[in-house]
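*Asks:* Got a structure here, written out as C-alpha cells. Questions coming.
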Amino acid sequence: MLKELKSAERLFLLIKKQFPLIVSSVSKGKIFNEMQRLINEDPGSWLNAISIWKNLLELNAKKEKLSQRDDNQLKRKVGENEIIIAKKLKIEQMQKIEENRDCQLGKQIEEQTLEQRDFTTKRENFQEGFQNDTEIATDTRNQNDLTFRVSCRCSGTVGKAFTAQEVGKVIGIALMKHFGWKADLRNPKLEIFIHLNDIYSVVGIPVFRVPLASRAYIKTAGLRSTIAWAMASLADIKAGAFVLDPMCGLGTILLEAAKEWPDVYYVGADVSDSQLLGTWDNLKAAGLEDKIELLQVSVIELPLPSESVDIIISDIPFGKKFKLGEDIKRILQEMERVLHVGGTIVLLLSEDHHRRLTDCKESSIPFNSKDSHTDEPGIKKCLIPEEKTGTSKTVSTSFEASNHKFLDKMSPFGSLVPVECYKVSLGKTDAFICKYKKSHSSGL
C-alpha cells in the first residue's frame with residue numbers, strides 16, 4: 001500500500017521531532033551536545049523504529065521471494081504441460097501402429113514420470129521455503145549488526161552556522177558510540193535522515209531505499225513524477241476524455257495520468273524530435289505505446305479542430321534554455337482555441353509566467369481561432385529550445401502546495417477563468433500549478 005502512494009516523494013519512519021536548535025549566542029560545542037542528545041536521550045525510540053523498519057524489509061523480501069517462487073512454479077507447470085502434450089501426441093501416433101498392450105505400457109511409464117516429477121517439485125519447494133525462513137530468522141538475530149549512513153539537510157540559522165557534513169559527523173559518531181553500528185557511506189543497510197531548520201529538528205529513517213518519486217515505469221525522468229501526478233489529479237480526468245499535453249517533453253505528465261486513469265485518449269505534442277524520441281522510449285518501457293499518441297508540432301499550431309479537447313495538462317518550459325517571454329499569451333490562446341467550453345487546463349508556470357498572466361487585465365491580442373495560428377518567425381523561434389539535445393528541466397524536491405487567497409483578484413484571461421492555484425517548491429526556484437476552466441467560446 002505504501003509503494004502505491006503517488007503523491008509522496010519519500011516516506012520516513014519518524015524517530016524524533018522536537019523544537020529547533022537555538023544557534024545564536026551559543027558555542028558550537030553546546031550545539032553539538034544538543035545534536036547528540038537526539039540519539040542519547042531516548043534510545044528506545046530508535047530501537048522501536050529500527051524494529052519496524054526491519055519488519056517492513058523482511059515482509060517485503062518475503063513477498064518478493066514468494067512471488068518469484070510462484071513465477072518459477074508457473075514456468076515449471078507450463079513446461080510440464082508442454083511435455084505432457086508432446087507425449088500424448090506421440091502416444092496417439094503409436095496407437096495407430098502398436099498393439100493396445102504397448103499403448104497401456106506407455107501410459108504407465110508416463111504416469112510414473114509425472115509422479116516422480118511432482119515429488120521432486122514438492123521437495124524443492126519445501127527446501128526453498130525452509131531456506132527463506134532460515135535467512136529471515138538469521139537476519140532478525142543480527143539486528144544490531146547494522147551499517148549506516150547519515151544524510152543531513154540544514155537550512156535557516158542552523159544552515160548558516162553548520163554544514164551538513166559537520167552535522168552528519170556528529171550524529172554518526174554518537175550512533176557508533178551508543179549502538180555500536182558501523183558507518184558505511186557507499187552501501188549502508190540503514191540510512192538516517194536528519195533535517196534541522198528554524199521550525200523543527202527531525203530525525204527519521206527512509207522506509208524505502210529508492211524514493212517513491214522514482215517510478216519504476218519511467219525510464220528517463222523529466223518533470224518530477226510527484227508534480228506530474230499532482231497536476232493530473234487536479235484535472236479531474238474522467239473515462240473517455242481527450243487529454244492533451246501540447247508541450248509534453250519526455251512525457252512524464254502523460255505517463256502518470258495514463259497509469260492512474262487508463263481509459264482515456266491521450267495525445268502528447270512537442271516541437272523537439274529529441275524530446276519525442278525520449279518520450280517514445282518512456283512509453284515503450286512503461287508498456288503504454290498504445291495508450292498515448294505523439295505528434296511533432298508547435299504548440300502555437302496544433303493540428304486539432306477548435307473546441308475538440310476535454311483537458312489540457314502541460315508544464316510550460318522556463319529557465320535559461322527556453323525563451324518564451326510574452327509568447328506565453330500566444331501559447332494560451334492556442335490552448336484556449338482547441339479546448340471545448342467547460343474544459344480544464346492545468347499548467348505549471350514559472351513565477352514570471354504566473355505574474356504575467358495574473359497582471360493581464362485585458363489582452364491587446366484578440367482571442368479567436370483566426371489569430372491563434374501565426375507565421376511570425378519571432379514567436380516560432382522562442383518556442384524552440386536553444387539546445388537541440390536538451391532535456392526538460394528536473395524538479396528536485398517535495399511537492400508543497402498551499403492555496404492562494406488572491407484567486408478572486410485574478411482577472412480571466414480570455415475565456416479561461418482561474419479556479420485553483422498552488423505554489424510548488426522546485427528546490428532553488430518556486431513555481432505555480434494553476435487550474436483554469438473555459439467559460440465560453442473563444443470567439444465570443
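The values are calculated or read from the model by the stated rules, or taken from the named source; none is laboratory data. A quick note: this is a predicted structure, and the numbers were derived from the prediction, not measured. Using ideal geometry, Cβ is built from the backbone for each residue, glycine included, and neighbour counts are taken over all protein chains shown. Side chains included, ligands, DNA and RNA excluded: accessible areas come from the protein's heavy atoms. Shrake-Rupley method; radii C 1.70, N 1.55, O 1.52, S 1.80 Å.
*Asks:* State yes or no: is Pro366 modelled with pLDDT of 90 or more, open to solvent by 60 Å² or more (accessible area, probe 1.4 Å), out of contact with any strand residue (DSSP E or B) (no Cβ under 9 Å at 6 or more places or on another chain) and outside any helix (DSSP H, G or I)?
*Replies:* no
*Asks:* When you scan the stretch 23-40, how many residues do you find that are open to solvent by 40 Å² or more (accessible area, probe 1.4 Å), in contact (Cβ under 8 Å) with a residue 12 or more places away in the chain and assigned to a loop (DSSP other than H, G, I, E, B)?
*Replies:* 1
*Asks:* Suppose we keep only residues that are out of contact with any helix residue (DSSP H, G or I) (no Cβ under 7 Å at 6 or more places or on another chain) and part of a loop (DSSP other than H, G, I, E, B) within the stretch 308-319. Which one would you say is modelled with the highest pLDDT?
*Replies:* Pro317
*Asks:* Which number in (1) open to solvent by 20 Å² or more (accessible area, probe 1.4 Å); (2) in contact (Cβ under 8 Å) with a residue 60 or more places away in the chain; (3) of a type in the set (Val, Ile, Thr) marks the one condition that Val203 misses?
*Replies:* (1)
*Asks:* Check Lys6 against each of (1) touching a Phe, Trp or Tyr at 6+ places or on another chain (Cβ under 6 Å); (2) in a helix (DSSP H, G or I) and name the one condition it does not meet.
*Replies:* (2)
*Asks:* Mind counting the residues in the stretch 184-200 that are farther than 20 Å from Gln18 by Cβ, open to solvent by less than 60 Å² (accessible area, probe 1.4 Å) and of a type in the set (A, V, I, L, M, F, W, C)?
*Replies:* 1
*Asks:* Answer yes or no as to whether Lys329 is part of a helix (DSSP H, G or I), within 22 Å of Asp352 (Cβ to Cβ) and open to solvent by 30 Å² or more (accessible area, probe 1.4 Å).
*Replies:* Here the answer is yes, as Lys329 does meet what is asked.
*Asks:* If I go through the stretch 254-270 residue by residue, how many of them are β-branched (Val, Ile, Thr) and open to solvent by less than 10 Å² (accessible area, probe 1.4 Å)?
*Replies:* Residues meeting the conditions: 1.
*Asks:* Exactly one of (1) modelled with pLDDT of 85 or more; (2) open to solvent by 40 Å² or more (accessible area, probe 1.4 Å) is unmet by Gly168. Its number?
*Replies:* Of the numbered conditions (1) modelled with pLDDT of 85 or more; (2) open to solvent by 40 Å² or more (accessible area, probe 1.4 Å), the odd one out for Gly168 is (2).
*Asks:* Which numbered condition trips up Gly156, out of (1) of a type outside the set (Phe, Trp, Tyr); (2) closer than 30 Å to Ala258 by Cβ; (3) open to solvent by 30 Å² or more (accessible area, probe 1.4 Å)?
*Replies:* (2)
*Asks:* Which pairs have Cβ atoms under 9 Å, sit 6 or more apart or on different chains, and link a residue in the stretch 326-337 that is of a type in the set (Val, Ile, Thr) to one that is assigned to a helix (DSSP H, G or I)?
*Replies:* Final answer for the pair search is Ile328/Asp352; Ile328/His353; Ile328/Arg356; Ile328/Leu357.
*Asks:* Would the stretch 3-10 turn up any residue that is surrounded by 12 or more Cβ atoms within 10 Å (Cβ to Cβ), modelled with pLDDT under 80 and within 30 Å of Phe208 (Cα to Cα)?
*Replies:* no
*Asks:* Same structure again: Among the residues of the stretch 400-438, write down those that are modelled with pLDDT of 65 or more, closer than 15 Å to His354 by Cβ, in a loop (DSSP other than H, G, I, E, B) and open to solvent by 50 Å² or more (accessible area, probe 1.4 Å).
*Replies:* Thr429
*Asks:* Find all pairs meeting these conditions: Cβ atoms under 9 angstrom apart; at least six residues apart or on different chains; first residue within the stretch 232-244 and among the hydroxyl-bearing types (Ser, Thr, Tyr); second residue open to solvent by 10 Å² or more (accessible area, probe 1.4 Å) and assigned to a helix (DSSP H, G or I).
*Replies:* From residues that are among the hydroxyl-bearing types (Ser, Thr, Tyr), the pairs are Ser233/Glu260.
*Asks:* Can I ask one more? When you scan the stretch 188-304 for strands (runs of 3 or more DSSP E) that lie fully inside it, which ones turn up with 1 or more residues that are acidic (Asp, Glu)?
*Replies:* 190-196, 242-245, 265-270, 292-296
*Asks:* Go through Arg209, Arg215, Arg224 for me and flag whichever is of a type in the set (Lys, Arg) and surrounded by 23 or more Cβ atoms within 10 Å (Cβ to Cβ).
*Replies:* Every option except Arg224 fails the conditions.
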